[in-house]
Amino acid sequence: MTSCYIVTGGFVRSAVNYMAGCKTTVSNIVMSIVVMLTLLLITPLFKYTPNAILSSIIISAVLGLIDYESAYLIWKVDKLDFLACLGAFFGVIFASVEYGLLIAVAISIAKILLQVTRPRTALLGKLPRTTIYRNVEQYPDATKVPGLLILRVDSAIYFTNSNYVKERLGFGMPSRRSNIFIRSVKREIVAIRILRWLRDEEEQQQDQKLPKTEFLILELSSVTDIDTSGIHALEGLLKTLENRKIQLILANPGSSVIQKLHTAKFTDMIGEDKILLTVDDAVKKFAPKVVGDV
């Protein structure tokens, strides 16, 4: 009635309310009156009832509050969400409601931080008889363009993930046995992943005797924002690629991203001619001979 709710209480009362079909907070008034009359008039009748019987009544009522199907659905959809669900459940069971909520919130925050610091990157390929480029893992029919490495970053590039993005793309990564690489791993464990795509691609090219990668195309439509650390990561990536005689191409950067790149004069470093509207435009401009073969 006053838009408030009880911050704590027995599960049995919640179960009784639920099974009785209560819809509004008026049920709390009715429940209070019934509980008061029970304590005053009926309690003496339960004086000699064994505790085991009372416990069985409570357990049978509380079991109706557990939704197994929803828990299983959460497990199938997202394992970290299920972990937060388990944390809240066991926290409430073995400690209190406050501890259960605290555990669930902590797991949820850790999940968000993990997603922010480790953004997804995708290797793109050309769908047959189209000008569309999609994730080769999601679309098995998509084929890679010889001599080109087309990658997409599915997140904003901030200081929290710039090193990770740079490593995950695979650029400037020393050999596995390099001491420099080992020291860099110890220093910046998050920055190890952006550099893998190019290394893996070069290993595959050597094994299958494919043409060497000459262009790296970054599809930036999913990059909603970029900060100074992200721009510095792109600058380092550009220099590393130049040392390896690979040209960096940007495709479809957003308005806020391209504005910041202009302000930081990164567009002068890379060249305005290497910033294209779409991946297909970039492929046609820098590798026109292989477009018809894909």
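The values are calculated or read from the model by the stated rules, or taken from the named source; none is laboratory data. As the structure is a prediction and not an experimental result, all values here were calculated from the model. Glycine gets a Cβ as well: all are built from the backbone with ideal geometry, and neighbour counts include every protein chain shown. With ligands, DNA and RNA removed, areas are computed over all heavy atoms of the protein, side chains included. Shrake-Rupley method; radii C 1.70, N 1.55, O 1.52, S 1.80 Å.
Could you list all residues from segment 73-96 that are open to solvent by 80 Å² or more (accessible area, probe 1.4 Å) and either more than 28 Å from Gly21 (Cβ to Cβ) or modelled with pLDDT of 90 or more (or both)?
Start the filter on segment 73-96 by keeping residues that are open to solvent by 80 Å² or more (accessible area, probe 1.4 Å), which leaves 73, 75-77, 79, 83, 89-90, 93-94.
Those that are open to solvent by 80 Å² or more (accessible area, probe 1.4 Å) and either more than 28 Å from Gly21 (Cβ to Cβ) or modelled with pLDDT of 90 or more (or both): Leu73, Trp75, Lys76, Val77, Lys79, Leu83, Phe90, Phe94.
The rows are residues; the columns are (1) touching a strand residue (DSSP E or B) at 6+ places or on another chain (Cβ under 8 Å); (2) at positive phi; (3) modelled with pLDDT under 85; (4) open to solvent by 90 Å² or more (accessible area, probe 1.4 Å).
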position: Leu54; (1), (2), (3), (4): no, no, yes, no
position: Ala71; (1), (2), (3), (4): no, no, no, no
position: Glu98; (1), (2), (3), (4): no, no, no, yes
position: Ala104; (1), (2), (3), (4): no, no, no, no
position: Ser108; (1), (2), (3), (4): no, no, no, no
position: Lys111; (1), (2), (3), (4): no, no, no, no
position: Gln115; (1), (2), (3), (4): no, no, yes, yes
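Which of the residues that make up segment 245-271 are free of Cβ contacts under 8 Å to residues at least 24 places away in the same chain and either under 20 Å from Glu214 (Cβ atoms) or of a type in the set (S, T, N, Q) (or both)?
We begin by selecting, within segment 245-271, every residue free of Cβ contacts under 8 Å to residues at least 24 places away in the same chain; these are 255, 258-259, 262-263, 265, 267-268, 271.
Matches in segment 245-271: Ser255, Gln259, Thr263, Thr267, Gly271.
So, of the residues in segment 1-25 that are among the β-branched types (Val, Ile, Thr) and open to solvent by 70 Å² or more (accessible area, probe 1.4 Å), which turns out to be modelled with the highest pLDDT? Show your work before the answer.
Step one: list which residues in segment 1-25 are among the β-branched types (Val, Ile, Thr), which gives 2, 6-8, 12, 16, 24-25.
If we keep only those that are open to solvent by 70 Å² or more (accessible area, probe 1.4 Å) as well, we get 2, 6-8, 16, 24.
Details: Thr2: 54, Ile6: 51, Val7: 49, Thr8: 49, Val16: 67, Thr24: 78.
For segment 1-25, the residue satisfying everything is Thr24.
Find the residue count for segment 33-48, including only residues that are within 53 Å of the chain's Cα centre (by Cα) and open to solvent by less than 70 Å² (accessible area, probe 1.4 Å).
Summing the residues that are within 53 Å of the chain's Cα centre (by Cα) and open to solvent by less than 70 Å² (accessible area, probe 1.4 Å) in segment 33-48 gives 2.
Taking the conditions exactly as written (open to solvent by less than 60 Å² (accessible area, probe 1.4 Å) and touching a Phe, Trp or Tyr at 6+ places or on another chain (Cβ under 8 Å)), does Gly64 satisfy them or not? I'd like the intermediate steps shown before the answer.
Working: open to solvent by less than 60 Å² (accessible area, probe 1.4 Å): yes; touching a Phe, Trp or Tyr at 6+ places or on another chain (Cβ under 8 Å): yes.
Spelling it out, Gly64 is indeed open to solvent by less than 60 Å² (accessible area, probe 1.4 Å) and touching a Phe, Trp or Tyr at 6+ places or on another chain (Cβ under 8 Å).
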